[in-house]
Amino acid sequence: MLEAVLTGVSLNQAVANILSHTRDGGKHYICVFAVDSLLRCQDSPELRRVQQAADMTLCDGMPLVFTGRKIARLDMDRCYGPDVMLRVIDEGRPLGLKHFFYGGKDGETVLKLESNLLARFPDVQIVGYNIPPLPSAHRW
């Protein structure tokens, strides 16, 4: 049974909520899901637990947005992961936010991301990254 709960918000609301979480001193994380991520929750109890414990699960894919608008009648937008990340980084700079990247394809990709972000936002504070190995039983 699928028990994922999605957060139907606009991109502006998502960024505002994320920035708000940074001010309370707690530990928070969000998930950014498209339809395939949501479907993977059906077969992966581990992914489902991670998603259910998230502060928000943003809708990256338009099918989820169309469903949220039509069925739940939510005033929501697509929260495309890269757009969310860039907005949080940009709007977090005056707040002194620090960024740690978790996950990704490999170290080379993360270093390229870091280089691109530093070129765009010279004062961004990237404090590190971790790329854990993916379980062999999952192909995420």
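The values are calculated or read from the model by the stated rules, or taken from the named source; none is laboratory data. These numbers were taken from a predicted model, which means no experiment stands behind them. Note that each Cβ is placed from the backbone with ideal geometry, even for glycine, and that neighbours are counted across all protein chains shown.
Which condition breaks for residue 19 when tested against (1) in a loop (DSSP other than H, G, I, E, B); (2) surrounded by fewer than 17 Cβ atoms within 10 Å (Cβ to Cβ); (3) under 14 Å from the mean Cα position of the chain (by Cα)?
(1)
Return the pair list, or none, for Cβ contacts closer than 9 Å from residues in the range 71-87 that are surrounded by 15 or more Cβ atoms within 10 Å (Cβ to Cβ) to residues that are among the basic types (Lys, Arg), at least 6 apart or on different chains.
So the pair list comes out as 76/69; 86/120.
Considering the range 22-46 alone, what residues qualify as being in a helix (DSSP H, G or I) and over 18 Å from residue 101 (Cα atoms)?
Those that are in a helix (DSSP H, G or I) and over 18 Å from residue 101 (Cα atoms): 35, 36, 37, 38, 39, 40, 41, 42, 43, 45, 46.
Which one is surrounded by the most Cβ atoms within 10 Å (Cβ to Cβ), of the residues in the range 1-16 that are within 22 Å of residue 76 (Cβ to Cβ) and either outside the structural domain of residue 66 (by TED's automatic domain parsing) or modelled with pLDDT under 90 (or both)?
6
Considering the range 38-53 alone, what residues qualify as being under 15 Å from residue 81 (Cβ atoms) and either of a type in the set (Val, Ile, Thr) or in contact with a Phe, Trp or Tyr (Cβ under 8 Å, 6 or more places away or on another chain) (or both)?
51
Return a yes/no flag: does the range 113-130 have any residue that is touching a residue at least 24 places away in the same chain (Cβ under 8 Å), on the phi > 0 side of the Ramachandran plot and outside the structural domain of residue 19 (by TED's automatic domain parsing).
yes
Let me confirm something: among 47, 58, which residue is crowded, with 17+ Cβ neighbours inside 10 Å and either touching a Leu at 6+ places or on another chain (Cβ under 7 Å) or modelled with pLDDT of 90 or more (or both)?
58
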